[in-house]
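This report concerns only the one structure given below.
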Amino acid sequence: MKKSKQFFMVPYFLWIALFVVAPLLLILYQSFTDGQGHFTVRNYLTYGSSSVYLKMSLNSLWYAFLITVITLLVSYPAAYILSRLKHQQLWLLLIILPTWINLLLKAYAFIGLFSRAGAVNHFLMFIGIGPKQILFSDFSFLLVASYIEIPFMILPIYNAIVQLDPALPNASRDLGASPWQTFRLVTFPLTLSGVKAGVQAVFIPSLSLFMLTRLIGGNRVITLGTAIEEHFLTTMNWGMGSTIGVILIVMMFVIMMLTNDRKKKRREVLDDEKTTL
Amino acid sequence: MTKPIIELKGITKQYDDGFVALSKINMTIEQGKFYSLLGPSGSGKTTILRIIAGFTNATEGQVLFSGQQINQLPPNQRKVNTVFQNYALFPHLDVFDNVAFGLTLQKRPKQEVKKRVLDALKLVQLPGYANREISELSGGQQQRVAIARAIVNEPEVLLLDEPLSALDMKLRQDMQYELRELQQRLGITFIFVTHDQEEALAMSDEIFVMDNGKVLQSGTPVDIYDEPINHFVANFIGESNILPGKMLADYQVEFVGKSFECADGGMRVNEAVEVVLRPEDLDITTADQGKLVVKVDTQLFRGDHFEIIGLDADGNEWLIHSTNPVRDGKEIGLTFEPEDIHVMRFGEKEADFDARLEQYEED
């Protein structure tokens, strides 16, 4: 029984080894070698001493942060309303549907909408404000990036809200809390797990966005993702590209750890209890 | 008669899909008493609780609290607190913060909150549990925290929605005593929803027996047990032998083909009725001395009594409770007093039933 179970795990382990572990090791190896294949830490020194890279890193974090905040502000109310609607499955489908469409296609659709002769500028002209430069601005980059990430934020939050026992908000109202107090003291804290999952699902991929920075942001927004693409495809400096990749991965782990603190805390409490008993 | 604290007048609850959960409920709840809403699941008893608490609105009718209509008052402004079926304790807060929830919202001084929370925990016999997490508590302990969280706010009415149903038998019986004692000590009105007739009989000052969104009968536990209004109530509350009968005259009823003296009257001559005989009112005697003769079919030992099923000559089943065993297959006689026979009319309304009983008790 045990053996057969292990046997079925083989494809999974092969997959992980080939497509997760091996690439990671290769990136790590690349980041510590120079053009001739000799060991070096020069790439990391360059990264650490160059203000350009520092700025890029901060830029990445800043934009990922903005995208996450915007997505969260849209998604939490949306998920909350969704959980109260009648045809929830249909609405969910409508929210999930855009994620089935290729990212590039959606980006091009937005280019069409936002361009000088696009529908949005037509409308702006119609109401007398336009035309404006919308494409290739921070605004359009944040808007499109948030649009693309929203389903990944709504779904975990929606799940958390649906799983919340309706007796809990009722109990809060019963004990004298207003609707807003109930939300602040009960509903939101108890759906925080969904928010954290959503933040992970949005913030981490947003750190390394590069296609949108080019197509929608018009290279005005330079992030670590853009830098990696640049190093691998244009300047062919694989060592430097890998170094930034490693740093990006480290950042992601840090974010994961920051948003995963709950279980750990819980265990500490239990341990304290044991020592006091 | 003390003044009514909650009155329901003609309450009807119909859901969007047309299902009628309650139809024209009238109920008067007096201060300081222990009430039970008793009925099978789906009888509407929890809906009444939700309407009183304010979680749902009645489609029709009035809810009065101390004479004021509160139909539109949101739950946080009502002077009632609820103990939920699955306790609904906040899992992200510890025991202290759960109990302090209501007081903190009222912005009471820290010292007062602390004192009252610790007092409430003492009252439910959980001193020293203030800093425990909810997940570390057993079901019985969670139950007590839920009660503490509700009573710490000193509500005028405490609503309890099947709070004991998740507990095991022994704990449930202990909690019945504790709840009853707590209610008497605090003097708060309790409205207790249950489907367990024993629980309702043991704890209540007054019981409302419900079925299909209607109150079938209300009264003290003894009244309801001794004088059930109809087949459903007789069957639901306690065990009973229910037989078709005929009223020959006042105090004279016929069933299983024989005429018996009874204590009921006020019905038409030869009116078809149903007769209830409680199994513990049937006494076993020898076959020649019995008013009825049955043959012992099966016998179960229930610990404190024997449960005997006998068949009479017509094939009717008789349930008998006896402290002594009988021999299987033996013919035994059954005797009972005229007061042990309870006669029920078909389709009698509660008001008519009460009036008739009163009249014949005065005689």
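Hand me the list of strands (runs of 3 or more DSSP E) wholly inside the range B:247-295 holding 2 or more residues that are over 26 Å from B:Glu331 (Cβ atoms) and at pLDDT 90 or above.
On the way: elements: B:252-255, B:258-261, B:271-277, B:283-285.
In the range B:247-295, the matching strands (runs of 3 or more DSSP E) lie at B:271-277.
So for the range A:204-222 (the condition being under 14 Å from the mean Cα position of the chain (by Cα), polar (S, T, N, Q), within 20 Å of A:Ile95 (Cα to Cα) and surrounded by 16 or more Cβ atoms within 10 Å (Cβ to Cβ)), does at least one residue qualify?
Yes: one or more hits.
Yes or no, residue by residue, for (1) under 14 Å from the mean Cα position of the chain (by Cα); (2) of a type in the set (A, V, I, L, M):
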{"site": "A:Phe114", "(1), (2)": "no, no"}
{"site": "A:Phe123", "(1), (2)": "no, no"}
{"site": "A:Gln133", "(1), (2)": "no, no"}
{"site": "A:Leu142", "(1), (2)": "yes, yes"}
{"site": "A:Phe152", "(1), (2)": "yes, no"}
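Within the range B:14-60, which residues are assigned to a strand (DSSP E or B) and more than 17 Å from B:Leu216 (Cβ to Cβ)?
Scanning the range B:14-60 gives B:Gln14, B:Ile29, B:Glu30, B:Phe34, B:Glu60.
Let's see how each residue does on (1) surrounded by fewer than 23 Cβ atoms within 10 Å (Cβ to Cβ); (2) outside the structural domain of B:Pro155 (by TED's automatic domain parsing); (3) modelled with pLDDT of 95 or more:
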site: B:Gly67; (1), (2), (3): yes, no, no
site: B:Asn86; (1), (2), (3): yes, no, no
site: B:Val95; (1), (2), (3): no, no, yes
site: B:Gln106; (1), (2), (3): yes, no, no
site: B:Ala120; (1), (2), (3): no, no, no
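Are any residues in the range B:313-331 part of a strand (DSSP E or B) and within 33 Å of the chain's Cα centre (by Cα), and if so, which ones?
B:Glu317, B:Trp318, B:Leu319, B:Ile320, B:His321, B:Ser322
Is it the case, given these coordinates, that B:Gly265 is crowded, with 16+ Cβ neighbours inside 10 Å and touching a Gly at 6+ places or on another chain (Cβ under 6 Å)?
no
Looking at B:Glu254 and the list (1) touching a helix residue (DSSP H, G or I) at 6+ places or on another chain (Cβ under 9 Å); (2) charged (D, E, K, R); (3) surrounded by 15 or more Cβ atoms within 10 Å (Cβ to Cβ), which single condition is not satisfied?
Evaluating B:Glu254 over (1) touching a helix residue (DSSP H, G or I) at 6+ places or on another chain (Cβ under 9 Å); (2) charged (D, E, K, R); (3) surrounded by 15 or more Cβ atoms within 10 Å (Cβ to Cβ) leaves (1) as the failure.
Starting from residues that are within 12 Å of another protein chain (Cβ to nearest Cβ) and within 21 Å of the chain's Cα centre (by Cα), keep the ones in the range B:145-159 and report whichever is farthest from B:Met203 (Cα to Cα).
Ranking the candidates gives B:Val157 first.
B:Ala120 is checked against (1) assigned to a loop (DSSP other than H, G, I, E, B); (2) under 26 Å from A:Gly176 (Cα atoms) and fails just one. What number does that condition carry?
Only one criterion in (1) assigned to a loop (DSSP other than H, G, I, E, B); (2) under 26 Å from A:Gly176 (Cα atoms) is unmet by B:Ala120, namely (1).
Restricting to the range A:106-121, what's the tally of residues that are part of a helix (DSSP H, G or I) and surrounded by 14 or more Cβ atoms within 10 Å (Cβ to Cβ)?
Initially, the range A:106-121 is screened for residues part of a helix (DSSP H, G or I), giving A:106-114, A:119-121.
From what is left, the residues that are surrounded by 14 or more Cβ atoms within 10 Å (Cβ to Cβ) are A:106-107, A:110-111, A:113-114, A:120-121.
Count: 8.
For the range A:128-180, give me each residue that is within 14 Å of chain B (Cβ to nearest Cβ), aliphatic (A, V, I, L, M) and either part of a helix (DSSP H, G or I) or touching a residue at least 40 places away in the same chain (Cβ under 8 Å) (or both).
Of all residues in the range A:128-180, those within 14 Å of chain B (Cβ to nearest Cβ) come to A:160, A:163-180.
Checking the rest, the ones that are also aliphatic (A, V, I, L, M) come to A:160, A:164, A:167-168, A:171, A:175, A:177.
Those that are within 14 Å of chain B (Cβ to nearest Cβ), aliphatic (A, V, I, L, M) and either part of a helix (DSSP H, G or I) or touching a residue at least 40 places away in the same chain (Cβ under 8 Å) (or both): A:Ala160, A:Ala167, A:Leu168, A:Ala171.
Return the pairs, sorted by first residue and then second, in which the second residue is in a loop (DSSP other than H, G, I, E, B) and among the acidic types (Asp, Glu), the first residue lies in the range B:12-23 and is over 13 Å from B:Glu60 (Cβ atoms) and in contact (Cβ under 8 Å) with a residue 60 or more places away in the chain, the beta carbons are less than 7 Å apart, and the residues are 6+ apart or on different chains.
none
Out of curiosity, is B:Gly128 within 14 Å of chain A (Cβ to nearest Cβ) and small (Gly, Ala, Ser)?
Yes.
If I ask for residues that are more than 25 Å from the chain's Cα centre (by Cα) and of a type in the set (Ser, Thr, Tyr), which ones from the range A:23-39 would you list? Don't jump to the end; show me each part of the working.
We begin by selecting, within the range A:23-39, every residue more than 25 Å from the chain's Cα centre (by Cα); these are A:29-30, A:32-39.
Residues satisfying the conditions are A:Tyr29, A:Thr33.
Whether any residue in the range B:61-71 is at the interface with chain A (Cβ under 10 Å from one of its Cβ atoms) and of a type outside the set (A, V, I, L, M) is what I want to check.
No, because not a single residue in the range B:61-71 is at the interface with chain A (Cβ under 10 Å from one of its Cβ atoms) and of a type outside the set (A, V, I, L, M).
Can you tell which of B:Phe346, B:Phe336, B:Phe353 is within 21 Å of B:Ala272 (Cβ to Cβ) and either outside the structural domain of B:Ala272 (by TED's automatic domain parsing) or surrounded by 15 or more Cβ atoms within 10 Å (Cβ to Cβ) (or both)?
B:Phe353
Within the range A:1-85, which helices (runs of 4 or more DSSP H) (wholly inside it) include 3 or more residues that are at pLDDT 90 or above and aliphatic (A, V, I, L, M)?
On the way: elements: A:2-16, A:22-31, A:42-49, A:51-82.
Helices (runs of 4 or more DSSP H) meeting the threshold: A:2-16, A:22-31, A:51-82.
So which residues in the range B:86-111 are within 9 Å of another protein chain (Cβ to nearest Cβ), assigned to a loop (DSSP other than H, G, I, E, B) and not small (Gly, Ala, Ser)?
B:Asn86, B:Tyr87, B:Leu89, B:Phe90, B:Pro91, B:His92, B:Leu93, B:Gln106
Sort out which residues of the range A:182-191 are at the interface with chain B (Cβ under 9 Å from one of its Cβ atoms), buried (at least 16 other Cβ atoms within 10 Å of the Cβ) and not β-branched (Val, Ile, Thr), and write them in order of number.
Listed by number, the residues that qualify are A:Leu185, A:Leu190.
Of all residues in the range B:48-65, how many are hydrophobic (A, V, I, L, M, F, W, C), out of contact with any Asp or Glu (no Cβ under 7 Å at 6 or more places or on another chain) and either closer than 22 Å to B:Tyr15 by Cα or surrounded by fewer than 16 Cβ atoms within 10 Å (Cβ to Cβ) (or both)?
6
Can you find a residue in the range A:196-218 that is within 14 Å of chain B (Cβ to nearest Cβ), at pLDDT 85 or above, in contact with a Pro (Cβ under 6 Å, 6 or more places away or on another chain) and part of a helix (DSSP H, G or I)? Talk me through it step by step, then tell me what you get.
First, the residues of the range A:196-218 that are within 14 Å of chain B (Cβ to nearest Cβ): A:196.
Within this subset, residues satisfying the condition of being at pLDDT 85 or above are A:196.
Adding the requirement that they be in contact with a Pro (Cβ under 6 Å, 6 or more places away or on another chain) leaves none.
There is no residue in the range A:196-218 that is within 14 Å of chain B (Cβ to nearest Cβ), at pLDDT 85 or above, in contact with a Pro (Cβ under 6 Å, 6 or more places away or on another chain) and part of a helix (DSSP H, G or I).
So, in the range A:110-138, of the ones that are among the small types (Gly, Ala, Ser) and more than 20 Å from A:Thr71 (Cα to Cα), which residue ends up modelled with the highest pLDDT?
Applying the filter and picking the extreme gives A:Gly112.
The values are calculated or read from the model by the stated rules, or taken from the named source; none is laboratory data. Here the structure is a predicted model, which is why all the values come from computation and not from measurement. Glycine gets a Cβ as well: all are built from the backbone with ideal geometry, and neighbour counts include every protein chain shown.
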